[in-house]
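To keep things clear, I will list the structure first and then write my remarks on it.
The values are calculated or read from the model by the stated rules, or taken from the named source; none is laboratory data. These numbers were taken from a predicted model, which means no experiment stands behind them. Cβ placement follows ideal geometry from the backbone for every residue including glycine, while neighbour counts extend to all protein chains displayed. With ligands, DNA and RNA removed, areas are computed over all heavy atoms of the protein, side chains included. Shrake-Rupley method; radii C 1.70, N 1.55, O 1.52, S 1.80 Å.
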Amino acid sequence: MVKTKSLILQPDGSLYVRRDDSMKAVGIIAEYNPFHNGHKYQIEQARQATNADAVIVIMSGNWVQRGQPAILDKWTRAQMALENGADMVIELPVQCAVQPADIFARHAVNVLANLKCEWLSFGSEHPDINFNKLANIDLKETIIDQDYTKSYAELIRDALTNETGEDVSAPNDVLALNYAIANLKNNHQMKLVPIKRNGANHHDRDLNNDGSIASASSIRAAIIDNSQELVQYLPDSTDIEAFKNHVDWEDFWPLLKYKIETSSIDELNHIYQMTEGLEYRLKKYIYEAHSFDEFLRLVKSKRYTYARLQRLFVSTLLNWRKSDDLSQEYVRVLGFNKSGRAYLNDIKKQIEIPVITKINKELSGTELNFDVVSGRIYENINHIPQDAGKIPLIY
């Protein structure tokens with residue numbers, strides 16, 4: 001067999017040589033909050049559509065994009081993914097994960113691009129949309145007159161609809177567009193592979209008894225309610241006992257309440273994403289609220305979405321400051337199987353950001369400081385070690 005070589009242009013303009021017999025990977029950006037049949041279906045479809053040698057998942061850790069604690073810890077969710085088709089699971093740094101959709105997407109795409117993934121696959125309500133074409137449209141002029149009652153994502157969506165007639169309001173389509181924009185900034189390093197979203201809508205709160213796929217929102221609600229209807233929506237390998245150790249924001253409410261009550265207005269003002277006098281609203285309502293949900297409702301106004309406020313509460317709880325550098329990127333391996341490990345060995349010399357497989361004291365205080373602190377806070381609630389001495393899961 002004659003082996004050929006390909007020159008691959010990297011975002012910084014440099015080239016690296018890839019053999020035609022080298023492994024190729026498809027990347028998936030996920031939260032798996034928790035992992036369910038819809039996620040298994042996506043992995044299977046991504047592998048089938050690309051014929052990839054490895055499926056690489058970059059997953060939010062113990063805190064997710066919309067500003068919530070993950071219902072199960074990152075190790076449990078990574079194990080579920082490995083048991084159901086993922087070849088390697090890496091953690092999206094917490095400071096990159098708990099962000100608006102555009103920042104979340106940019107960091108996740110950057111890490112997968114660093115891992116030399118050939119394809120980027122994602123769920124989409126409308127996979128026939130040309131996301132690459134939409135990503136190329138310059139909307140700066142059309143969103144100058146911003147409506148403060150709408151989020152930035154909503155402004156982008158409305159501007160695109162006005163400009164093209166294309167409706168990208170569905171939750172996964174919005175994320176897909178942000179992935180395409182981030183990939184464009186990386187010189188289209190990955191080929192986009194949309195997968196038609198199956199079954200329930202993203203935010204459905206009720207289990208759909210007509211099939212085997214339900215939304216993550218409805219599954220989380222069923223977990224909290226200790227519903228016995230869960231089994232049909234989860235892969236056969238799922239350990240139902242793991243759900244007994246679930247967490248939600250109410251578990252962290254005493255910690256958040258203590259943090260706000262013992263901080264001065266000036267101290268709160270320096271918290272990341274604390275803008276437009278929000279510190280005064282937090283101080284005002286922290287003494288009136290008797291639960292996290294009540295506090296969230298009291299602080300809510302037309303100016304801020306629930307997700308925006310929940311991300312602020314994560315920043316407050318974890319003491320992220322406006323002066324902190326929250327842009328660090330690295331490859332934090334949570335687990336892999338034989339194919340995942342082989343792929344990592346195949347491309348590790350081409351990765352330009354740190355690759356981390358074990359936590360030591362130096363890393364705990366430098367690159368991984370935000371992940372380690374957030375893990376310790378999470379560990380206070382679920383009592384399962386999250387970082388110290390942990391090594392990747394081997395499946």
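Quick look at the numbers
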| read-out | value |
| --- | --- |
| Sole exception among (1) out of contact with any Asp or Glu (no Cβ under 9 Å at 6 or more places or on another chain); (2) at pLDDT 95 or above; (3) open to solvent by 20 Å² or more (accessible area, probe 1.4 Å) for residue 272, by number | (1) |
| Residue list for the range 138-166, restricted to those being in a loop (DSSP other than H, G, I, E, B), surrounded by 14 or more Cβ atoms within 10 Å (Cβ to Cβ) and at pLDDT 75 or above | 166 |
| Count - residues of the range 189-225 that are of a type in the set (Lys, Arg) and modelled with pLDDT of 90 or more | 3 |
| Selection from the range 293-323 of residues that are touching a residue at least 60 places away in the same chain (Cβ under 8 Å), buried (at least 17 other Cβ atoms within 10 Å of the Cβ) and of a type outside the set (A, V, I, L, M) | 305, 308, 310, 311, 313, 315, 316, 320 |
| Segments classed as strands (runs of 3 or more DSSP E), wholly inside the range 30-125, with at least 1 members that are of a type in the set (Ser, Thr, Tyr) | 54-60, 119-124 |
| Pairs, first farther than 17 Å from residue 332 by Cβ and open to solvent by less than 70 Å² (accessible area, probe 1.4 Å) in the range 374-391, second of a type in the set (S, T, N, Q) and modelled with pLDDT of 95 or more, C-beta under 9 Å, six or more apart | 377/62; 382/62; 384/76 |
| Options 280, 285: the member that is farther than 22 Å from residue 74 by Cα, assigned to a helix (DSSP H, G or I), without any contact (Cβ under 8 Å) to a residue 40 or more places away in the chain and open to solvent by 50 Å² or more (accessible area, probe 1.4 Å) | 280 |
| Tabulated pairs, the range 83-99, first within 23 Å of residue 341 (Cα to Cα) and at pLDDT below 95, second in a strand (DSSP E or B) and open to solvent by 10 Å² or more (accessible area, probe 1.4 Å), C-beta under 8 angstrom, 6+ apart or interchain | none |
